[in-house]
Amino acid sequence: MRTILLTLLLLCCLNSQAQNISYVEAKNSWYHIYDEDGKKTGALSSNLGELAGYGTEFIILKTKNWYYLYDGKGKKLKGLSRSTIGEVIAVTGKTFTSRHGNWIFTWDKDGKKISSHSAR
């Protein structure tokens with residue numbers, strides 16, 4: 001009985017793990033989000049902003065003054081002012097990079113600054 005319960009618990013945990021974002025498709029005024037199995041996991045209206053990029057765990061949409069981070073299901077994670085972070089120049093994996101004046105910043109998927117250095 002104990003083995004069966006442990007097996008069921010393990011299966012539940014494995015099934016609840018989020019799949020990585022594999023592709024974001026712009027179609028009919030929506031951004032459709034797909035996981036690595038090709039399954040649609042969420043959608044975001046293109047009225048929320050322009051697609052700036054996506055990594056394995058998050059999507060960035062850009063408006064006139066803000067960048068908004070969303071997860072693979074379309075849930076908003078964070079909003080970051082463009083006057084604070086500058087322009088997003090790359091998105092990959094679990095991080096993104098921005099340039100603000102003469103500085104380059106690296107941020108995590110939750111909008112926390114990881115590092116900064118001079119753009120030289």
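Quick look at the numbers
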{"item": "Label assignment, percent of Cα pairs over 26 Å apart derived from the structure, set (i) 47; (ii) 30; (iii) 16", "result": "(ii)"}
{"item": "Integer Hz, Karplus 6.51/-1.76/1.60 couplings in order for region 77-85, x for Gly and Pro", "result": "9, 6, x, 10, 5, 5, 5, 8, 9"}
{"item": "Under 22 Å from residue 113, Cα to Cα: lysines that are on another chain or at least 8 residues apart", "result": "62, 64, 75, 76, 78, 94"}
{"item": "Residue 117 - accessible surface, heavy atoms, 1.4 Å probe, Å² rounded to 10", "result": "80 Å²"}
{"item": "Cα centroid separation - region 23-37 against region 43-68, whole Å", "result": "12 Å"}
{"item": "Separation of the residue 76 and residue 89 label points, Cα + 7 Å toward Cβ, nm", "result": "2.8 nm"}
{"item": "Mean residue ellipticity (222 nm) of the chain, computed from DSSP H runs ≥ 4 via -39,500 (n - 2.57), nearest 500", "result": "-4500 deg cm²/dmol"}
{"item": "Average accessible area per residue (Å²) across the chain - probe 1.4 Å, nucleic acids and ligands excluded", "result": "66 Å²"}
{"item": "Amide hydrogen neighbours beyond the local backbone of residue 20, cut-off 5 Å, H modeled", "result": "36"}
{"item": "Share of carbon and sulfur in the accessible heavy-atom surface of the chain [1.4 Å probe, %]", "result": "52 percent"}
{"item": "Cα long-axis angle, helix 2-16 against the chain (0 to 90 degrees, to the nearest 10)", "result": "30 degrees"}
{"item": "Relative contact order (%) - criterion: Cα under 8 Å, at least six apart; region: the chain", "result": "14 percent"}
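The values are calculated or read from the model by the stated rules, or taken from the named source; none is laboratory data. Please read these numbers as outputs of a predicted model, since none were measured by experiment. So basically every Cβ, Gly included, is an ideal-geometry build from the backbone, and we count neighbours across all protein chains shown. For the accessible areas, the whole protein counts, side chains as well, though only heavy atoms, and no ligand, DNA or RNA atoms are used. Shrake-Rupley method; radii C 1.70, N 1.55, O 1.52, S 1.80 Å.
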